[in-house]
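These notes concern the structure reproduced below.
What follows is calculated from the coordinates using simple rules that are stated; it is not laboratory data. Because the structure is a prediction, the values reported are computed rather than measured. As a convention, Cβ positions derive from the backbone with ideal geometry for all residues, glycine included, and neighbour counts pool all protein chains shown.
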Amino acid sequence: DVAPEGETLETCAGVLQEVFGYDAFRGPQAQIVSHVSEGGDALVLMPTGGGKSLCYQVPAIVRERAGQGLTVVVSPLIALMHDQVGALLEAGVAAAFLNSSLSLEDAQRVEKEMLRGEITLLYAAPERLTTPRFLALLDSLHERGKLSLFAIDEAHCVSQWGHDFRPEYRGLVVLHERFAGVPRVALTATADDLTRADIVERLQLEEARTFISSFDRPNIRYTIVEKKDGTQQLLRFIRDEHSSPQGHDAGIVYCQSRKRVEEVAGMLCEAGFNALPYHAGLDAAKRLNHQDRFLREEGLIMVATIAFGMGIDKPDVRFVAHLDMPKNIEGYYQETGRAGRDGEAANAWMVYGLQDVVNQRRMIDESPAADEFKQVLRGKLDALLTLAEASDCRRVRLLGYFGEASEPCGNCDNCIKPPELHDATEAARKVLSCIYRVQQASGTAFGSGHIMDILRGKQTDKMAQYAHDKLSTFGIGADWSETQWRALLRQLVAREAVHVDAAHFNTLHLAEGARAILKGGAQVWMKQPSEKPSRSRSRGSS
Ligand code: ADP
Ligand code: ZN
């Protein structure tokens, strides 16, 4: 039906120009606003900075002008609501929010205005929206045909597979059940296949049209390096790439624990940088103060746990550094995506080491979740490891994870300086045959530690107990350090030549990809040059 859509689009473009002062829609915005203005459900996947807000703000205004009444926007963050409502009011749009920051009096005033039809866009937190009292207010609007649209922002929060699960979001399915005829638009900046399917199921968006934008952020340069002394590496990185005689750039440094956040912030300050800590252990006033300073002052470095960042709309964040590895690619994409929202060059820089892998695996193993759930988490972690291990274009892999095909980008570490690769096929065959022989000989599988010990010819109790020192593979890899073997093993796991059975003590098993390496002509390449035997050297953190 081309004609009405054309008309709707014209109306939308008019609002875009008149209210927001923009000349044209960007990317898929035009299609989305037409579809939603005409009452269709939509699932919008668009990267940070892509312009999601207009996807519901424009339809909200168009529909309100057509007499269809109120749009309710579900948003998880108070700060975000304030910013958005402030900007809308400035543009002359009747907007308001309802959240715990309002006094009872103010909340009641907003409710009255809403019932009188004086509000076009109302922002509310999910827990507020789903109270019986608020639903009753919506009923009364609905009965009068004055409930126009629901917009569910940060929709990945409904999924436990997303990186920011918020149980309150689950209750939002009531919107569909109770107000079946009212269109809904759900929006998110990250969602792999699994999260996407989960959003659709949890919010009953089966009828919704899905709009997927390119997730590429071409101005962000991705760099992932092996962790040696993480904090020293960070200092060098900021000095080399983000400092000038005038000062240093604004950036975010992510760490896994609160303790680490405090340490690193302290270390940066001592080194003369302007840094602040941010984590859930700080009291609310302090968090707000630090966030405010980060937004308003120039050249501040926020050292934070993942508690920091969602909805932070600071355009000139020049770098995002990860001192610890995130849980999965969605988290990595989301966090790095906070860099360079203004479109200018920005860095996403991460150090990672074996210890990160071990920590993340352990956190999954020790969580009280069901096995099936843990399996999914492990799969997601492995995908991130594959990205970290990759010697080809990071962006191709990152976008590939979200289902998007692309060409090598020329703006990531591997594109800029292709790593020198070394033929490790012989070594790979040694590991694989060792795993195979051991299992044959003992009728049971073993973990990576023991396999490394066999290869490196280490005498242990376990060795004697199973007589593995009698195997032909005992000591055949003594010329390599444990670190090198682990790097190789990580790669073999990544290319599915080796399977780590998490359900059975992380034992190693040969997998599909092993055959091609053992029997076929498949080659294995490794990034690091072969180090000298390192048995005498003191061990690093991994
Ligand atoms: P997101 O929520 O997807 O991260 P926003 O909705 O905050 O992104 O939009 C990012 C920025 O891009 C905002 O400053 C917004 O005003 C601007 N923007 C969005 N769409 C357009 C457009 N069609 N023309 C010009 N600027 C736009
Ligand atoms: Zn690249």
Under the rule rounded for a/c under 1.5, else prolate if a/b exceeds b/c, else oblate, using alpha carbon gyration tensor axes a ≥ b ≥ c, the stretch 15-64 is classed as oblate
Please compute, for the alpha-carbon atoms of the stretch 466-512, the extent along each of the three principal axes and give them in descending order in Å.
27, 24, 19
Have a look at the stretch 318-391 and give its Rg and Dmax from the Cα atoms, expressed in angstrom.
13.8, 43
Return a whole-number percent for the relative contact order of the chain, with Cα pairs under 8 Å and 6 or more residues apart as the contact set.
11
Once all Cα-Cα distances of the stretch 440-533 are split into 5 Å bins that start at 0, what whole-number percent is in each one?
3, 12, 21, 24, 24, 13, 4, 0
From the C-alpha gyration tensor of the stretch 1-95, pull out the three semi-axes of the equivalent ellipsoid (sqrt of 5λ each), sorted largest to smallest, in whole Å.
21, 15, 14
For the stretch 124-201, just run the numbers: alpha carbon Rg, then divide by 2.2 N^0.38 Å, N being how many residues it has.
1.13
DSSP beta bridges in the chain, what fraction antiparallel, as a percent rounded to 5?
15
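Just add up the charged neighbours of Pro315: K/R +1, D/E -1, any other residue whose Cβ is under 9 Å from the Cβ of Pro315.
So the environment of Pro315 carries a net charge of -2.
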Would you please name the trypsin sites (Lys or Arg not before Pro) within the stretch 103-191 that are DSSP coil residues with at most 16 other C-beta atoms within 10 Å of their C-beta?
Arg116, Arg144
Be a star and scan the stretch 84-121 for residues whose amide nitrogen sits under 15 Å from the point 7 Å along the Cα-to-Cβ vector of Glu127.
98-102
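Under the rule a/c < 1.5 gives rounded, and otherwise a/b versus b/c splits prolate from oblate, where does the stretch 54-116 land using the Cα gyration tensor?
Numbers: a/c = 1.96, a/b = 1.30, b/c = 1.51.
It comes out oblate by the Cα gyration axes.
Nearest 0.05, what FRET efficiency do Leu288 and Arg144 give at R0 = 35 Å with Cβ-Cβ as r? Mind dumping the intermediate values first?
Details: r = 39 Å, r/R0 = 1.11.
So, using R0 = 35 Å, E works out to roughly 0.35.
With each run of n ≥ 4 DSSP H residues scored as -39500 (n - 2.57), what mean residue ellipticity at 222 nm is computed for the chain after dividing by its residue count and rounding to the nearest 500 deg cm²/dmol? Working shown, then result.
Working: 22 runs with 235 residues, N = 542.
That calculation yields -13000 deg cm²/dmol at 222 nm.
Between exposed GluC sites (Glu not before Pro) in the chain, where DSSP calls loop and at most 13 other Cβ atoms lie within 10 Å, what's the longest gap?
Working: sites that count: Glu118, Glu206, Glu207, Glu297, Glu298, Glu344, Glu420, Glu496, Glu512, Glu531.
Result for the longest clean stretch: 1-117.
Strictly greater than 15 Å: what percent of every Cα pair in the stretch 251-352 meets that? Before the final figure, lay out each step's value.
Details: 3018 of 5151 pairs.
Looking at the stretch 251-352, the distances longer than 15 Å represent 59 percent of pairs.
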For Lys146, which lysines qualify as cross-link partners when the Cα separation must be under 22 Å and same-chain residues fewer than eight apart are set aside?
Lys112
Using alpha-carbon positions, the gyration tensor of the stretch 247-307 gives root eigenvalues a ≥ b ≥ c; with a/c under 1.5 called rounded, otherwise prolate if a/b exceeds b/c, else oblate, the class is oblate
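Enter the mean projected area of the convex hull around the alpha-carbon atoms of the chain, in nm², rounded to one decimal. Could the numbers behind the result be given before it?
Values: hull surface 115.0 nm².
Over every viewing direction, the Cα hull of the chain projects on average to 28.7 nm².
Pull out the extension gain between Asp342 and Asp371, defined as 0.36 nm times the separation in residues minus the alpha carbon to alpha carbon distance; nm, one decimal. If you can, show how the numbers build up before the last one.
Values: separation 29, 0.36 × 29 = 10.44 nm, distance 4.21 nm.
Stretched fully, the Asp342-Asp371 segment lengthens by 6.2 nm.
Which ordering of Tyr332, Tyr466 is given by a fewest-first count of other beta-carbon atoms within 10 Å? Intermediate results must be reported in sequence, preceding the final value.
Details: Tyr332 27, Tyr466 18.
By the 10 Å Cβ count, ascending: Tyr466, Tyr332.
At a threshold of 8 angstrom on Cα-Cα distance, excluding pairs fewer than six apart, so keeping six or more, what relative contact order does the stretch 376-420 reach in percent? Please list the in-between numbers first.
On the way: 34 pairs, mean separation 15.1, N = 45.
RCO, the stretch 376-420: 33 percent.
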Considering all alpha-carbon pairs of the stretch 168-296, what whole percent are spaced by more than 20 angstrom?
65
Taking a cut-off of 14 Å between Cα atoms, list the aspartates and glutamates near Lys417, but don't count ones fewer than 8 places away on the same chain.
Asp392
Under a straight-distance cross-link criterion of Cα-Cα below 23 Å, which lysines are reachable from Lys374, leaving out those fewer than 8 residues away in the same chain?
Lys327
Whole-Å distance linking the alpha carbon centroid of the stretch 155-177 with that of the stretch 43-99 is 19
How many percent of Cα pairs in the stretch 308-460 exceed 24 Å?
51
Rg (Å, one decimal) plus Dmax (Å, integer) for the alpha carbons of the stretch 277-317?
9.6, 27
Expressed as a rounded percentage, what relative contact order does the stretch 119-180 have, with Cα pairs under 8 Å and six or more residues apart?
31
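If Lys and Arg each add +1 and Asp and Glu each add -1, what is the summed charge of the other residues whose beta carbon sits under 11 Å from the beta carbon of Leu421?
Details: positive: Lys527; negative: Asp392, Glu420, Asp423.
Once positives and negatives cancel, what remains is -2.
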Length added when fully stretched, Arg515-Val19, from 0.36 nm per residue minus Cα-Cα:
172.3 nm
Given the pairs Lys462/Lys519; Lys259/Lys527; Lys228/Lys259; Lys380/Lys527; Lys228/Lys314, which span a C-alpha to C-alpha distance of over 28 angstrom in this model?
Lys462/Lys519; Lys259/Lys527; Lys228/Lys314
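Between Glu118 and Gln440, what length comes free when the chain is fully extended (0.36 nm per residue of separation minus the Cα-Cα distance, one decimal in nm)?
108.3 nm
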Modelled label reach - Glu90, point 7 Å along Cα→Cβ, the stretch 296-318 residues with backbone N closer than 17 Å
296-297, 312-316
Pull up all non-local amide H partners of Trp525: gap of 5 or more, or a different chain, and H-to-H distance under 5 Å with H placed in the peptide plane.
Ala424
